[in-house]
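Coordinate-derived values only; no laboratory data. Owing to the predicted nature of the structure, the values given are computational and were not obtained by experimental measurement. Please note: Cβ atoms are built from the backbone with ideal geometry, for glycine as well, and neighbour counts cover all protein chains shown.
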Amino acid sequence: MPTAKRGDDGSGPLERRAKLGGGRRRERELRIRISDVEYEEIHEAATRAGLACSAFVIRTVRTAIREQQPLDGALAAMHAELRNASRQVNAVGVNLNQLVRHANAHGQVPESVTWLAGYCFQVVRRTEVVIVELGRRLP
C-alpha cells in the first residue's frame with residue numbers, strides 16, 4: 001500500500017510510488033530539462049492525481065508506451081477467452097433462473113442443478129486462471 005508524503009509545496013499528502021517487487025528500489029536516474037511552464041504543468045497535474053512528480057511522470061510515460069504497443073496474440077487470445085467465459089457464465093445464470101422457477105413451481109430441485117453448479121465452478125476457475133495470466137503479461 002502506498003505511503004503518504006507531503007508535497008513539495010506542503011499542500012498535502014501525495015501517493016508515493018511503491019517499491020519494485022521484493023522490496024527493490026529503482027536504481028536508475030533519468031534527468032531531463034524542462035521549462036518553468038512545463039514544470040508547473042507537470043507539478044499541477046501530479047498534484048491533482050495525488051502523486052509525486054516522478055510517480056506521475058512514470059505512470060504517464062508507461063501509459064503512453066502501452067498505448068503505442070500493438071496487442072500481442074497471447075493477450076488477444078486471453079481477451080477472447082474471457083469474453084467467452086463471460087458468455088458462459090451468463091448462460092449458466094439463465095439456466096439457474098429456469099431451474100429455480102421449476103423448483104418453485106414443482107417443489108423439487110432438478111438433478112441438473114448439480115451438473116450446472118460443477119460446470120459453473122469450472123468456468124469461474126478457468127476465468128480466474130486467465131485473469132492471473134493476463135495480469136502477469138500486462139506492463
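Spin-label point model (7 Å from Cα, Cβ direction): what's the residue 98 to residue 39 distance in nm?
Inter-label distance under the simple model: 6.8 nm.
How much length, in nm to one decimal, is gained on full extension between residue 90 and residue 31, taken as 0.36 nm per residue of separation minus their Cα-Cα distance?
Gain on extension, residue 90 to residue 31, equals 16.1 nm.
Using label points projected 7 Å from each Cα along Cα→Cβ, tell me how many nm separate residue 77 and residue 131, to one decimal.
Roughly 2.2 nm, to one decimal.
What's the magnitude of the charge dipole for region 33-90 around its Cα centre, counting Lys and Arg as +1 and Asp and Glu as -1 at the beta-carbon? Answer in Debye, nearest 20.
Using only the charged Cβ atoms, the result is roughly 380 debye.
How far, in nm, would the chain grow between residue 67 and residue 122 when pulled straight, counting 0.36 nm per residue and subtracting the alpha carbon separation?
16.5 nm
Quick query: amide H of residue 51 versus all other amide H atoms, modeled in the peptide plane; which residues come in under 5 Å with a sequence gap of 5 or more or a different chain?
Long-range HN contacts for residue 51: 15.
Could you please rank 119, 39, placing first whichever residue has the fewest other Cβ atoms within 10 Å of its Cβ?
Details: 119 15, 39 11.
Arranged by neighbour count, lowest to highest, 119, 39 become 39, 119.
Would you work out which of 132, 76, 54 lies farthest towards the positive end of the dipole of region 20-139, given +1 charges on the beta-carbon of Lys and Arg and -1 on that of Asp and Glu, about the Cα centre?
132
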